[in-house]
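The values are calculated or read from the model by the stated rules, or taken from the named source; none is laboratory data. Keep in mind the model is a prediction, meaning the values are calculated, not measured. Glycine gets a Cβ as well: all are built from the backbone with ideal geometry, and neighbour counts include every protein chain shown.
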């Protein structure tokens with residue numbers, strides 16, 4: 001059996017292909033069940049190239065996590081002229097659209113801090129939750145206030161749990177998730 005021919009890619013493209021292959025593997029199985037050899041094979045590279053680009057299996061996993069838990073950059077239209085409940089509703093639709101697009105892979109990655117424990121993973125999830133709180137405040141035309149962010153960050157965990165029920169377990173419908181999240185956001189942002 002002859003080995004598959006390798007394709008020479010530019011460094012950024014090669015790094016991206018390794019990240020994409022790792023994301024597929026980590027979306028379906030926990031960190032501990034994916035070997036570096038398997039990661040390299042899925043990306044069509046050698047183990048040495050995986051280490052060249054990421055340094056370690058753990059560093060590659062963390063890079064995948066960082067990308068997986070970030071909210072998309074797609075901008076919302078300006079909602080500032082709408083009443084707060086409508087701004088919240090449209091913002092939550094935007095978040096749920098993203099969750100639906102990334103599906104189970106996003107849910108698995110966004111909940112990984114509870115699955116894998118180490119503080120480096122929790123730090124990535126915390127960073128993503130803070131960024132999400134800032135984006136939500138911006139979308140709602142509310143000030144980027146530390147107290148408001150502190151009240152919104154725990155809502156991120158609630159959103160992830162509700163999305164698991166919707167996207168993974170099928171016990172909730174999107175409309176249920178939307179209503180519950182809107183109620184929570186309105187509660188924590190109330191003056």
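Rundown of residues vs (1) modelled with pLDDT of 80 or more; (2) farther than 27 Å from residue 175 by Cα; (3) outside the structural domain of residue 163 (by TED's automatic domain parsing); (4) within 10 Å of the chain's Cα centre (by Cα), yes/no style:
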| site | (1), (2), (3), (4) |
| --- | --- |
| 53 | yes, yes, yes, no |
| 81 | yes, no, no, no |
| 87 | yes, no, no, no |
| 116 | no, yes, no, no |
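From the list 75, 98, the one residue that fits, being in a loop (DSSP other than H, G, I, E, B) and modelled with pLDDT under 85, is 75.
Take the residues in segment 24-45 that are modelled with pLDDT under 90 and surrounded by fewer than 18 Cβ atoms within 10 Å (Cβ to Cβ); name whichever of them is nearest to residue 56 (Cα to Cα).
32
Test residue 129 against the criterion of being in a helix (DSSP H, G or I), assigned by TED's automatic domain parsing to the domain that holds residue 101 and either crowded, with 20+ Cβ neighbours inside 10 Å or in contact with a helix residue (DSSP H, G or I) (Cβ under 6 Å, 6 or more places away or on another chain) (or both), and give yes or no. It is true that residue 129 is in a helix (DSSP H, G or I), assigned by TED's automatic domain parsing to the domain that holds residue 101 and either crowded, with 20+ Cβ neighbours inside 10 Å or in contact with a helix residue (DSSP H, G or I) (Cβ under 6 Å, 6 or more places away or on another chain) (or both).
Could you go through segment 145-160 and let me know if any residue there is surrounded by fewer than 19 Cβ atoms within 10 Å (Cβ to Cβ), at pLDDT 90 or above and not in a helix (DSSP H, G or I). So far as segment 145-160 goes, yes, one or more of its residues are surrounded by fewer than 19 Cβ atoms within 10 Å (Cβ to Cβ), at pLDDT 90 or above and not in a helix (DSSP H, G or I).
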